[in-house]
Amino acid sequence: MTTITSRALLAAVFLATSALVAVPASAASLSEAVARHLTDAQSASKKQDWAAAKTAVDAAAAVSGRSAFDDYTIARMTIAVDVNLKDMAGATVAAQVAADSPAQDEKDKIPNANTALELSMFSKQYDKAIKYAKQIEASNPTDPKVLSSIANAYYFGNDFTSARTLAQKTVDADKKAGRVPDHNALMVVMSADAGLKDEAGAEATLEELVIDYNQPEDWAQMIDIAFGTPGLRDVDAVWLGRLLFLTGAPVSQNTGNMIGSIAGHLTFFGDAVNAKAHGAVVDPDPGPRADADKKSINEQIAAEDKQNGTYSGKLAEALYSYGMYPEAEAAATKAIAKGGNPDTSEAPMILAQAQTAQAKYDDALASFGKVTGGGPATARITKLWVDYVTIKKHPPAAATAAK
């Protein structure tokens, strides 16, 4: 299961350090030589001449007899200079010096800890990050971005319990306020549950992410989990494949190959062709078999009235696979009326899928509600299709804001 990543940390670091290049109002407390060099650093920074700024702060750091306030001010300016020079290791050291300095003003302690937290996270110094996270959390912050940073620090520091507790508070607060839960907070809850081996909890949160944000990557994870259900039948795999393709989720080579192979084995040649279109390697090539089958499709439909419910169910599957959705809906309706199919889940499932493809979402939801029987994975797959239809009916506003 994919978990949260640190890809957004660099942007946060630049934001956190943007105000650190100014010589403080209390510059009179600086040693004369240090103040002179830092003023040069500030002037160079205003010109975006970061190399000259670096030379100046290094010169300040080389002054002998420096006070604790000198070192603190040098460290703060070094953070911004090093970040702009992409020297993240140097910036991290400087941020930690500033955050640990006895010379810092009380009002600067939490901002300094925030900067040290972000840089420690970026540098993968998770033990240090947790130290600053605890300091910030003790101040009872309410800013969602700050809470997110703290939860991330706990997660990457393998304190999954604390990470989950804090992230869940953010989720609960969002829900109480009538907001869609923060995406990162949900990711932390899910990832922490995975770290705590609570796979059921992680899956439930992943499904919430899918419903709230409708991101293809989340769909891919959700469907991949369903593929791993013990007792998954071949027809279940095809139904999952259809959903995977509909959601626009990335299709891995192995998954595509599996769907294509199973669809070909079941003679659902249109599904095999679709799998091939998504990068699958299908042998034998399903294209010629699909073309040959489609040549007689009208005769197959005409013969339906003289056949049983199982025939109509399989015909509905084939028709859906060829994109003949109204015809698939009609065949599935006949299959239900005739009955006799040993797989009671198939006809209502394909009926609902065909209705979904025609944007008959209310009808589809009603049909999915009548799916019974099948295998151990069928109910789970039906629920995912219901989630998809619900999203199509009511697209989540949060989806466009997801990062």
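The values are calculated or read from the model by the stated rules, or taken from the named source; none is laboratory data. It should be emphasised that the depicted structure is a prediction, and the values quoted were computed from it without experimental measurement. Ideal geometry is used to build each Cβ from the backbone, glycine not excepted, and the neighbour counts take in all protein chains shown.
Here are some notes:
- Residue selected from the stretch 141-191 under the condition part of a loop (DSSP other than H, G, I, E, B) and in contact (Cβ under 8 Å) with a residue 12 or more places away in the chain, by the criterion farthest from the chain's Cα centre (by Cα): Pro141
- Listed conditions (1) more than 30 Å from Thr255 (Cβ to Cβ); (2) buried (at least 19 other Cβ atoms within 10 Å of the Cβ) are all met by Asp172, apart from (2).
- Residue in the stretch 227-239 that is under 20 Å from the mean Cα position of the chain (by Cα), in contact (Cβ under 8 Å) with a residue 60 or more places away in the chain and either buried (at least 19 other Cβ atoms within 10 Å of the Cβ) or not assigned by TED's automatic domain parsing to the domain that holds Asn184 (or both) present: no
So that you can scan it fast, the table gives a plain yes or no per residue for (1) at pLDDT 95 or above; (2) out of contact with any helix residue (DSSP H, G or I) (no Cβ under 9 Å at 6 or more places or on another chain):
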residue	(1), (2)
Asn140	no, yes
Val146	no, no
Tyr154	yes, no
Phe160	yes, no
Leu166	no, no
Lys169	no, no
Lys175	no, yes
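- Condition check for Pro326: within 27 Å of Tyr388 (Cβ to Cβ), surrounded by fewer than 17 Cβ atoms within 10 Å (Cβ to Cβ) and in contact (Cβ under 8 Å) with a residue 12 or more places away in the chain: yes
- Within the stretch 44-94, the set of residues being without any contact (Cβ under 8 Å) to a residue 24 or more places away in the chain, more than 17 Å from Asn112 (Cβ to Cβ) and of a type in the set (Gly, Ala, Ser) comprises Ala44, Ala52, Ala56, Ala59, Ala61, Ala62, Ser64.
- Selection count where residues are surrounded by 17 or more Cβ atoms within 10 Å (Cβ to Cβ) and outside any helix (DSSP H, G or I), scope the stretch 40-62: 0
- Filtered residues of the stretch 340-356 (kept if over 18 Å from Lys383 (Cβ atoms) and part of a loop (DSSP other than H, G, I, E, B)): Gly340, Asn341, Pro342, Asp343
- Residue match in the stretch 107-115 (condition: outside any helix (DSSP H, G or I), out of contact with any Phe, Trp or Tyr (no Cβ under 7 Å at 6 or more places or on another chain) and free of Cβ contacts under 8 Å to residues at least 60 places away in the same chain): no
- Within the option set Asp271, Asp291, being out of contact with any Gly (no Cβ under 6 Å at 6 or more places or on another chain) and either surrounded by fewer than 18 Cβ atoms within 10 Å (Cβ to Cβ) or more than 22 Å from Ile223 (Cα to Cα) (or both) holds for one residue only, Asp291.
- Residues that are in a loop (DSSP other than H, G, I, E, B) and of a type outside the set (D, E, K, R) were ranked within the stretch 121-138; the one that is modelled with the lowest pLDDT is Ser123.
- Of the candidates Ala359, Ala379, Ala337, Ala332, the single residue that is buried (at least 17 other Cβ atoms within 10 Å of the Cβ) and either at pLDDT 95 or above or not in a helix (DSSP H, G or I) (or both) is Ala332.
- Verdict on Ala272 being closer than 19 Å to Ala357 by Cα, in a helix (DSSP H, G or I) and over 24 Å from the mean Cα position of the chain (by Cα): yes
- Any hit, the stretch 87-103, residues being surrounded by fewer than 24 Cβ atoms within 10 Å (Cβ to Cβ), under 21 Å from Pro141 (Cβ atoms) and within 27 Å of the chain's Cα centre (by Cα): no
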